[in-house]
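A quick write-up on the structure given underneath.
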Amino acid sequence: IVYVLSGGEDREKVYFNNLKNDKMLGACVQVLFQSKKGQGLQPYQMNDLWQQGRKRGKIIVDAKEYRLSKVDKVFLVTDVDEFESQLVTALSKKDKDDCGQWVISNPCIEIWLYYCFEKDLAPEILKLRYITRAKRSQRMKQLNHQLILGGADPRKAFDNTPAGIANSKSHYKTGHYEIPGLFATSFHLMMEQIIAFVNERGVEERSKSFTP
């Protein structure tokens with residue numbers, strides 16, 4: 001079981017629904033996706049929700065309870081946007097036994113979707129460094145529609161995950177508390193873990209089928 005607590009409720013959900021619906025991946029892993037309808041969740045709200053689950057030893061997703069002892073991976077997916085101070089607070093106070101992994105995109109998930117289609121940053125994207133943080137995410141969404149044929153559709157991006165991982169790695173850099181710098185995302189680290197987990201589970205299931 002993989003638990004994804006997401007700050008975004010729209011494009012993130014579409015992307016992870018592809019993981020659920022993929023024949024191979026979906027057969028090996030159960031994805032529990034949680035966010036807040038409408039406005040999503042800020043990092044401090046995500047952290048509060050996750051810490052409550054840790055204390056209870058269980059999470060509640062779509063009115064169903066799941067014991068954390070049965071959950072294999074926990075990912076907290078969020079954007080930097082204007083919330084860097086919230087991320088610093090959450091990461092600086094993180095307990096050593098906290099298994100929740102923060103998956104952070106700067107400025108937003110749109111940079112991961114971009115890397116699923118393109119390797120090099122277009123000049124228009126590089127100009128984001130000159131505008132305020134609060135406006136970068138919206139501008140990045142506009143640019144994805146302009147620069148990528150058909151737009152950076154999360155459904156198509158999922159099919160390009162291997163390219164996304166390779167392209168994201170080439171731009172990956174972090175600052176304090178491992179928060180990605182501008183135009184970087186740790187999304188590829190999460191997807192590598194999920195793919196490795198699925199491959200491991202697949203081997204286990206195949207070995208079981210051949211066991212007398």
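The values are calculated or read from the model by the stated rules, or taken from the named source; none is laboratory data. Here the structure is a predicted model, which means the values were calculated and not measured. Glycine gets a Cβ as well: all are built from the backbone with ideal geometry, and neighbour counts include every protein chain shown. Note: accessible area is taken over every heavy atom of the protein model, side chains too, but ligands, DNA and RNA are not part of it. Shrake-Rupley method; radii C 1.70, N 1.55, O 1.52, S 1.80 Å.
Below are the figures for this structure:
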| quantity | calculated |
| --- | --- |
| Dipole of the chain, positive direction: furthest Cα of L113, Q193, A27, with charges on the beta-carbon | A27 |
| Nearest-0.05 FRET efficiency for D48 and V14, computed from C-beta distance (R0 30 Å) | 0.75 |
| In nm, spacing of pseudo-spin labels at R67 and T174 (7 Å Cα→C-beta vector) | 3.2 |
| Listed peptides 53-59, 179-185, 159-165 by packing density, highest first (mean Cβ within 10 Å) | 179-185, 159-165, 53-59 |
| Inverse of mean 1/r across different Cα pairs in the chain, Kirkwood, Å | 17.9 |
| Portion, in percent, of the accessible area of the chain that falls on carbon or sulfur, probe 1.4 Å | 50 |
| Anisotropy class of the stretch 1-122 from Cα gyration tensor, a/c 1.5 cut | oblate |
| Cα Rg over Rh - the stretch 52-154, Kirkwood | 1.08 |
| For the stretch 153-194: Kirkwood Rh in Å [reciprocal of mean 1/r, alpha carbons] | 10.8 |
| For the stretch 100-212, alpha-carbon Rg and Dmax in angstrom | 16.7, 64 |
